[in-house]
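Working notes, beginning with the structure itself.
The values are calculated or read from the model by the stated rules, or taken from the named source; none is laboratory data. As the structure is a prediction and not an experimental result, all values here were calculated from the model. Glycine gets a Cβ as well: all are built from the backbone with ideal geometry, and neighbour counts include every protein chain shown.
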């Protein structure tokens with residue numbers, strides 16, 4: 001009997017390990033589907049090459065670092081895609097794998113797309129999704145060995161707008177309460193905005209906004225201006241901020257794998273340095 005229990009325990013450990021390695025652990029944000037759209041939760045997503053679409057059952061996919069590297073820090077990652085797609089691989093999975101390499105757990109968010117053709121959603125729905133994602137990860141912190149004082153958010157392009165909404169509106173936005181998870185704080189401990197879209201810029205940056213890392217290329221006609229505005233607003237609010245505006249490059253260089261410029265290829269190291277200097281990576 002003892003040997004059977006031992007084998008069972010080992011199999012359980014192997015199962016959890018496989019979730020970390022192949023990212024097969026997908027957690028819906030709501031057990032019964034998104035509020036008001038429960039009847040759509042079983043509609044299949046569409047995915048091809050670089051994009052995922054038709055997201056009606058928003059979720060987070062879990063990427064965990066190895067136990068030897070894990071720091072206890074965690075990040076909810078919001079890929080971009082203009083609210084038409086989710087750029088899942090290059091701005092979700094690749095970001096998560098890099099974060100894992102520096103000891104940070106990652107939870108890649110698939111949020112609802114209000115600009116997709118015939119979408120039943122509005123801007124309020126991805127906002128609901130990021131608030132719920134932050135609370136859901138916080139509610140399962142013990143399960144994933146996460147320090148809730150070091151739970152941040154990261155976003156690219158439109159995903160940067162999603163990330164910024166929870167960072168700047170956490171005190172004012174009240175999502176529909178469905179269970180105990182919705183009673184938890186959604187405030188990120190820090191935020192990372194990579195070429196965020198213009199909707200990321202709030203009317204004001206509150207004094208209790210999280211410390212922020214901003215990065216874009218100067219040739220980005222869409223998304224270089226938002227980080228310039230945000231750095232000025234953060235300084236006015238006396239909220240810690242670091243900004244990197246690169247001379248070369250345009251939009252959507254992702255984790256640096258899709259660019260010819262050496263400075264952009266190595267940008268993730270600047271983020272890692274910032275996380276380390278701010279103390280987020282200390283075990």
- Query: Looking at 137, 166, which one is in a helix (DSSP H, G or I), in contact with a strand residue (DSSP E or B) (Cβ under 7 Å, 6 or more places away or on another chain), farther than 24 Å from residue 250 by Cα and without any contact (Cβ under 8 Å) to a residue 40 or more places away in the chain?
  - Reply: 166
- Would you point out which residue out of 218, 145, 208 is at positive phi and more than 14 Å from the chain's Cα centre (by Cα)? 145
- Say whether the condition of being part of a loop (DSSP other than H, G, I, E, B), touching a helix residue (DSSP H, G or I) at 6+ places or on another chain (Cβ under 7 Å), more than 24 Å from residue 165 (Cα to Cα) and free of Cβ contacts under 8 Å to residues at least 40 places away in the same chain is met by at least one residue in region 263-270. no
- Determine which single condition residue 137 fails, assuming it passes every other condition in (1) under 12 Å from the mean Cα position of the chain (by Cα); (2) within 17 Å of residue 51 (Cβ to Cβ). (2)
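Conditions (1) in contact with a helix residue (DSSP H, G or I) (Cβ under 7 Å, 6 or more places away or on another chain); (2) touching a residue at least 12 places away in the same chain (Cβ under 8 Å), marked per residue:
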{"position": "118", "(1), (2)": "no, no"}
{"position": "147", "(1), (2)": "no, yes"}
{"position": "152", "(1), (2)": "no, yes"}
{"position": "176", "(1), (2)": "no, yes"}
{"position": "190", "(1), (2)": "no, yes"}
{"position": "198", "(1), (2)": "yes, yes"}
{"position": "202", "(1), (2)": "yes, yes"}
- Message: Being closer than 24 Å to residue 131 by Cα and touching a helix residue (DSSP H, G or I) at 6+ places or on another chain (Cβ under 8 Å) is the filter here; which residues of region 43-64 pass it?
- Response: 51, 52, 56, 57, 58, 60, 61, 62, 63, 64
- Query: Given the residues 225, 221, 203, which is the only one that is exposed (fewer than 14 other Cβ atoms within 10 Å of the Cβ), within 29 Å of residue 89 (Cβ to Cβ) and at pLDDT 95 or above?
  - Reply: 225
- Task: Check whether at least one residue in region 107-125 is crowded, with 24+ Cβ neighbours inside 10 Å, under 13 Å from the mean Cα position of the chain (by Cα) and more than 19 Å from residue 53 (Cβ to Cβ), and report yes or no.
- Result: yes
- Message: One residue is enough: does region 76-94 have a residue meeting the conditions surrounded by 14 or more Cβ atoms within 10 Å (Cβ to Cβ), modelled with pLDDT of 95 or more, more than 23 Å from residue 223 (Cβ to Cβ) and touching a strand residue (DSSP E or B) at 6+ places or on another chain (Cβ under 7 Å)?
- Response: no
- Item | Among residues of region 189-200, those that are closer than 20 Å to residue 104 by Cβ and surrounded by 24 or more Cβ atoms within 10 Å (Cβ to Cβ), counted | 5
- Before we move on, is residue 177 over 30 Å from residue 232 (Cα atoms), at pLDDT 95 or above and surrounded by fewer than 24 Cβ atoms within 10 Å (Cβ to Cβ)? no
- Message: I need every pair where a residue in region 30-52 that is at positive phi has its Cβ under 9 Å from the Cβ of a residue that is at pLDDT 95 or above and in a loop (DSSP other than H, G, I, E, B), sequence separation at least 6 or different chains.
- Response: 33/41; 33/42; 33/56; 33/57
- Among 221, 242, which is the only one that is more than 20 Å from residue 137 (Cα to Cα), free of Cβ contacts under 8 Å to residues at least 40 places away in the same chain and assigned to a loop (DSSP other than H, G, I, E, B)? 221
